[in-house]
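Following: one structure in structure tokens, then a few remarks.
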């Protein structure tokens, strides 16, 4: 009888020590991550596994944020009995990707006792987050991203080449915007355009509202993401837009569908000119990512803003934070066009910590050049809502993360 009581008491003591140790780790991790500037932090334990989730709006590049989280975890776990570390990265409070590894593997990598290739090979990265996300169901959130306002500054620009009288014509603007969130998956954006130089359309010489968007994103399963937008978009369109994307092969294959119902609207000074909604647009597309080369091949077919039925082919390649792409267009009326896409990172690489009000720059500068700009050749035109499902992943594709760690200097 005494032996049974002794074993029971010993079990209670061990359990109490484990819980005390977990509480200490939780407090240390949430404090360190929150002090650094990460948001929507939750920490949980299951047996000897540590589960942690966070959202990064601090570092320009998501993998830089992940590396900082690795560093904080490694410095916070000294001699604790932790076997596996499971990290779920969020966007708008929605889980995006799960990254897991053994504690000893992470420690060896952080102490430079393991090569980058070995570390990448030992990382488990998956779009499947359903089971891991359940571990945070009853855990309180630390440092929520709700009701934090970002004032964002970025340049916008357009170029036209080839005219004999003026070989280069361009438009340069400053586009300050404000963005904030009130609940999971929700974003609100207001953008103003201030012209600095304009050789193109005369009506774009005035200070004007360029976007007003209310967006709600959903993740319905491990692979199905929907982004719904309501408001005033680019290309002088207002209305509603639904963008859906389903991922397969752990993110290497994606099938997407877009539907929009819009009307014309244009701000000129303090006046707004608009029509009733009248135009349905839509497209379906498929993308395949060749993981070895960070190369994405895409094909899209649909009805676009000029009323054209057009086929579009894209070839894009990621070089770390830089994206270079080419596209070709062909309408059912025999019109052809094409161009290039370019996206480069914009300074700084680390923003101010998110707060009630924060000033920041845009993460990247994107440029798309269309070869033919005559009105009759403008096929495949799309408006931008600022919230495409393709942008929701934000370079958190599992294969991209693996490649980055293998090739990181």
Report summary line: The condition from (1) closer than 30 Å to residue 109 by Cβ; (2) touching a helix residue (DSSP H, G or I) at 6+ places or on another chain (Cβ under 6 Å); (3) at pLDDT 95 or above that residue 353 misses is numbered (2)
Query raised in the report: Regarding residue 310, is this residue buried (at least 18 other Cβ atoms within 10 Å of the Cβ) and in contact (Cβ under 8 Å) with a residue 40 or more places away in the chain?
Result: yes
Report task. Those residues that are within 30 Å of the chain's Cα centre (by Cα) and assigned to a helix (DSSP H, G or I), I need them from segment 195-211; list them, please. Result -> 204
Report task. With the condition kept exactly as written, say whether any residue in segment 259-275 is assigned to a strand (DSSP E or B), surrounded by 15 or more Cβ atoms within 10 Å (Cβ to Cβ), at pLDDT 95 or above and under 20 Å from the mean Cα position of the chain (by Cα). Result -> no
Query raised in the report: Taking into account only those residues within segment 276-292 that are more than 25 Å from the chain's Cα centre (by Cα) and in a strand (DSSP E or B), which is surrounded by the fewest Cβ atoms within 10 Å (Cβ to Cβ)?
Result: 280
Report task. Report yes if some residue within segment 67-86 is crowded, with 19+ Cβ neighbours inside 10 Å, modelled with pLDDT of 95 or more, within 25 Å of residue 219 (Cβ to Cβ) and within 17 Å of the chain's Cα centre (by Cα); otherwise report no. Result -> no
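Just to be sure before I move on: is residue 297 without any contact (Cβ under 8 Å) to a residue 12 or more places away in the chain, on the phi < 0 side of the Ramachandran plot and part of a strand (DSSP E or B) in the structure I sent? Step through it out loud before you land on a result.
On the way: without any contact (Cβ under 8 Å) to a residue 12 or more places away in the chain: no; on the phi < 0 side of the Ramachandran plot: yes; part of a strand (DSSP E or B): yes.
When the stated conditions are applied, residue 297 does not pass them.
Within segment 87-115, take every residue that is out of contact with any helix residue (DSSP H, G or I) (no Cβ under 9 Å at 6 or more places or on another chain) and either at negative phi or crowded, with 17+ Cβ neighbours inside 10 Å (or both) and give me the one that is modelled with the lowest pLDDT.
Keep residues of segment 87-115 that are out of contact with any helix residue (DSSP H, G or I) (no Cβ under 9 Å at 6 or more places or on another chain), which gives 90, 93, 104, 112.
Restricting the remaining residues to those that are either at negative phi or crowded, with 17+ Cβ neighbours inside 10 Å (or both) gives 90, 93, 104.
Details: 90: 96, 93: 96, 104: 92.
Across segment 87-115, the extreme among qualifying residues is 104.
Is it the case that residue 341 is in contact (Cβ under 8 Å) with a residue 12 or more places away in the chain and buried (at least 16 other Cβ atoms within 10 Å of the Cβ)? Give the derivation first.
Working: in contact (Cβ under 8 Å) with a residue 12 or more places away in the chain: yes; buried (at least 16 other Cβ atoms within 10 Å of the Cβ): yes.
Yes, satisfied.
Residue 192 - would you say it is in the same structural domain as residue 279 (by TED's automatic domain parsing), without any contact (Cβ under 8 Å) to a residue 60 or more places away in the chain and in a strand (DSSP E or B)? Give the steps one after another, and end with the answer.
Numbers: in the same structural domain as residue 279 (by TED's automatic domain parsing): yes; without any contact (Cβ under 8 Å) to a residue 60 or more places away in the chain: yes; in a strand (DSSP E or B): yes.
So residue 192 passes the test.
Looking at this structure, is residue 177 over 23 Å from residue 346 (Cα atoms) and either touching a strand residue (DSSP E or B) at 6+ places or on another chain (Cβ under 7 Å) or in contact (Cβ under 8 Å) with a residue 12 or more places away in the chain (or both)? Even if it seems obvious, please write down each step before you answer.
Values: over 23 Å from residue 346 (Cα atoms): no; either touching a strand residue (DSSP E or B) at 6+ places or on another chain (Cβ under 7 Å) or in contact (Cβ under 8 Å) with a residue 12 or more places away in the chain (or both): yes.
Taking the combined requirement at face value, the residue does not satisfy it.
Quick one: is residue 304 out of contact with any helix residue (DSSP H, G or I) (no Cβ under 7 Å at 6 or more places or on another chain) and either modelled with pLDDT of 95 or more or farther than 29 Å from residue 201 by Cα (or both)? Even if it seems obvious, please write down each step before you answer.
On the way: out of contact with any helix residue (DSSP H, G or I) (no Cβ under 7 Å at 6 or more places or on another chain): yes; either modelled with pLDDT of 95 or more or farther than 29 Å from residue 201 by Cα (or both): yes.
Answer is yes for this residue.
The values are calculated or read from the model by the stated rules, or taken from the named source; none is laboratory data. Note that this is a predicted model, so its numbers are computed, not measured. Cβ atoms come from the backbone with ideal geometry, glycine included; neighbour counts cover every protein chain shown.
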